[in-house]
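Participant: Once you've had a glance at the structure underneath, I'll fire off some questions.
The values are calculated or read from the model by the stated rules, or taken from the named source; none is laboratory data. Here the structure is a predicted model, which means the values were calculated and not measured. Here the Cβ positions follow ideal geometry from the backbone for every residue, glycine too, while neighbour counts run over all protein chains shown. Only protein heavy atoms, including side chains, enter the accessible area calculation; ligands, DNA and RNA are left aside. Shrake-Rupley method; radii C 1.70, N 1.55, O 1.52, S 1.80 Å.
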Amino acid sequence: SSYLFYNISFWGNEEEPICGLEHLYTSEVTDMSYMFAGVGAQSNELKKFSLGDWFDTSNVNNMSGMFASFGWVYLEKVHLGKQFDISKVSDARGMFLRDRSRGYDVICYVNSKELKQWVLDSENYTAWEDAFWKSENFIVEG
């Protein structure tokens, strides 16, 4: 599944660039590197993005660059969903890599305190500190 939705652009008034993620069977996927990298980068319409509650990452070991250069200046919210699991991830380099010059904030909803801490742990090299998110913008959903 690496590069599956890489660099998808969309135009018009679509609320989200990729519909139907809840129907994507991902429980056996091991590589999601650059899966959503560049999604919506050419559009000012992308305001929210959700993986939904069925997007299973429990067997993924590679999430490098998964959300690199994701969105544009209008992106406001990202929901990783209930099944976003990082227990087997060994490579997350640049997962949230983004140009520091963007100067805006995005709220990222995560499913647990553990996931939030994992993203913020610099030893995982997720590059959140180089991204368009701030640590206080990772919100744990009930």
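Participant: Calculate the spin-label point distance for Y25 paired with S50, positioning each point 7 Å from the Cα along the beta-carbon direction, and give it in nanometres.
Facilitator: Computed distance between label sites S50 and Y25 equals 2.4 nm.
Participant: Okay, moving on. Within 12 Å, Cβ to Cβ, of S112, how many net charges do the neighbouring residues add up to if Lys/Arg are +1 and Asp/Glu are -1?
Facilitator: Charge balance near S112 sits at 0.
Participant: Under a Cβ-Cβ cut-off of 13 Å, what is the net charge of the residues other than V140 that fall near it, where Lys and Arg count +1 and Asp and Glu count -1?
Facilitator: 0
Participant: Please give the net charge around D53, taking every other residue with its beta carbon less than 12 angstrom from that of D53, where Lys and Arg add +1 and Asp and Glu add -1.
Facilitator: Result for the neighbourhood of D53: -2.
Participant: Show K48, K82 ordered by accessible area, largest first, where the area counts protein heavy atoms only and the probe is 1.4 Å.
Facilitator: Result of the area sort, largest leading: K82, K48.
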